[in-house]
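Structure first, then comments.
Please treat every number below as a calculation from the coordinates, not as lab data. Remember, predicted model here, so these are calculated numbers, not experimental data. A quick note on method: Cβ atoms are made from the backbone with ideal geometry, for glycine too, and the neighbour counts reach across all protein chains shown.
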Amino acid sequence: MCGIVGYVGERRAAPVILDGLRRLEYRGYDSAGLAVLAGDHVDTVRRVGHVAALLAAVPPELEGTTAIGHTRWATHGGVTEANAHPHLDATNRIALAHNGIIENHTTLRARLEEEGFKFRSETDTEVLVHLVHKFYTGDPEAAVKTALGLVQGTYGIAVIFAEHPGVIIAARNGSPLVVGKGNGETFLASDPHALSAHTREVVYLEDRDIVRIEANGWTISRMDGGGVSRNVEVLGEEWAEEGRGDFSHHMLKEIHEQPESLARCLRGRVVPELGGARLGGLELSPRDIASIRHITVLGCGTSFHAGLVGAAAMEGLARIPASAEIASEFRYRNPVIGPDDLFFAVSQSGETADTLGAVKEVQVKGGRVFGVVNVVGSSIARTCGHGVYVHSGPEIAVASTKAFTSQVAAMLVAALSFARTRALGPHEGKAFGDELLAIPERVGEWLASEPRSVMDAVDLCSKGRFVFFLGRGVSHAVALEGALKLKEIAYVPCMAYPAAEMKHGPIALIDKGTPVIVIVPDDVMRDKTLSTIQEVKARGARVIVVHTAGDTHAAKVADISIPVPRASTLISPLLSVLPLQLLAYRAGLALGRDIDRPRNLAKSVTVE
């Protein structure tokens, strides 16, 4: 959730750090700071708020060619300058930035206070810099390693020492770090996007790695001793893309990028002439697929909603029993995992701590798990070893839009691949594949002619004190995603339910004027969902219906009608989610929200 940037080289370090922090703003944060080696001490500047506030506060005369920076998302301690990173030791000669959680910080803090150490913040992180100071006897790497030996929890840290100009010591355990190779300079970051302006050559650290970074290179060793080498990898071209273009916000730009992101996800994978699909990253033979007993899709937030659609496709199309589970709950209930079970771990960033923990739990129990991620080289991708990249490209807005549709598309391709082995004939497979390949163009056409009724829905929902979202089957997943977006972006209280569950309690909350958004594709559940609409209208609700174009009855029962193109049931979420994304965006705009960086949220949730 937080971001780390480091630099060692010949350039003035502060501008490099500030540029990297600006590139990490999309991850979500509430304060920012940097520490620069300046002769025999460390200069720090920290500010609450956006990186722009930090930029304004950094004096132009701040020299130094070794520095670290940080964007913080508060966990331990409030949003204050004192709690912002980097933190200093008592001598102001060691500075440390940290992502993660130190679970035994209370015990460590008490011990350090007994030894006379004074704390300046409420954070769990400050114990680390005091421990490093305590164990420092001239060898910075040894001090960091000894300090981390006392720590329980997760961390990605960067440390600089006044006594060692031109050196950064970094270590990782559960929180990502990547080293970037330059020409006579070396970079460090928690996300490769921060490095894309400076280098494409990167090395991803693994858990329990500790690295000594200098201008001309780095040395990696293991926390338990011994050196190790890591391969240099090359970032894809798309990760250098940045800027909003002609769009007012990254979120709106990314909504309109969905035709391209979907086309990238599907390209070369759907093979209509074979009536199926090809996913080399899974490396499963027809015999392997035929032996699958159950599929579980793991994810959090938007990725869980995409997983619900994926599980429905696996069961409905491939005829394999399937379910989706919230990753943060799955890992702690001692799940039963059989030798013929298969798991998909869905995460845009590939760094979601709860999902990564679920992956490791599956692996401990002998299960097979594949990643469905966007970021190449991310922790989930590397831990799984196999899977599917969704290829949606950089997603800068905190609220996910194009990654959701790409995740759904990737799961549909996987389901089609499995279905051709298990249940589907070539003609049915070809029809499904042809429809998938046509989706990017249909998404683009709808976005280009967004109906005026979306703004009518914005007017109703932005004035409502509470909004319901309803749907059945895969449309329930769309309802969940729509409600999440409206909460994230506009801060409007809302909830989503399977439509038939409305009468089992939630209908008590309906009164005159309550906005109710119902997703009603023309599928087998259409008539039953229309009956639910009558139930809430009878209680005075104002109903917004997202329905198949040409469905005059659905349009007639709606107070506000939003038609979307016709699609088969499993593919319909790729279209029905579009007006809900725009509804959230435009409602947030109407209410004056920070669209790309909503309060309290982070793009990559790297803590439990």
Inset, instruction - Calculate one ³J(HN,Hα) per residue across the range 455-462 by plugging θ = phi - 60° into the Karplus curve 6.51 cos²θ - 1.76 cosθ + 1.60, and present them in order as whole Hz with x for glycine and proline. - result: 5, 4, 5, 4, 4, 5, 6, 6
Inset, instruction - At 7 Å along the Cα-to-beta-carbon direction for both S449 and L591, put a label point, then send me their distance in nm to one decimal. - result: 3.2 nm
Inset, instruction - Please tell me which of these pairs span more than 21 angstrom C-alpha to C-alpha: K430/K528; K463/K512; K253/K463; K512/K556; K487/K556? - result: K430/K528; K253/K463; K487/K556
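Report the gain in length on full extension from L150 to D224: 0.36 nm times residue separation, minus Cα-Cα distance, nm rounded to one decimal.
Full-extension gain reported as 25.3 nm.
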Inset, instruction - Just report the Cα centroid separation between the range 454-526 and the range 179-203, whole Å. - result: 44 Å
Legend entry - Modelled label reach - E201, point 7 Å along Cα→Cβ, the range 2-32 residues with backbone N closer than 20 Å: 6-11
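Count charges around T91 for me, please; just the other residues with Cβ under 11 Å from its Cβ, Lys/Arg as +1, Asp/Glu as -1. Don't jump to the answer; show the numbers that get you there.
On the way: positive: R93; negative: D40, D89, E163.
Once positives and negatives cancel, what remains is -2.
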Inset, instruction - For the chain, report the convex hull volume of the alpha-carbon atoms normalised per residue, in Å³, without decimals. - result: 154 Å³
Inset, instruction - Using just the helices of the chain, give the 222 nm mean residue ellipticity in deg cm²/dmol: DSSP H runs with n ≥ 4 each add -39,500 (n - 2.57), and the total is spread over all residues, rounded to 500. - result: -10500 deg cm²/dmol
Legend entry - the range 274-288 versus the range 346-414: alpha-carbon centroid distance in Å: 18 Å
Inset, instruction - Would you kindly derive the ³J(HN,Hα) couplings of the range 139-154 from the backbone phi angles with the Karplus curve 6.51 cos²θ - 1.76 cosθ + 1.60 (θ = phi - 60°), listing them in order in whole Hz, with x for Gly and Pro? - result: 10, x, 5, 5, 5, 5, 5, 5, 4, 5, x, 9, 9, 10, x, 10
Inset, instruction - Obtain the nm distance between the two label points defined at A423 and V79 by a simple spin-label model: each point lies 7 Å from its Cα along the Cα-to-C-beta direction. - result: 4.7 nm
Inset, instruction - Tabulate in residue order the Karplus-calculated ³J(HN,Hα) for the range 572-586, using 6.51 cos²θ - 1.76 cosθ + 1.60 with θ = phi - 60°, rounded to whole Hz; enter x for Gly and Pro. - result: 4, x, 5, 9, 5, 6, 4, x, 6, 5, 5, 4, 5, 4, 6
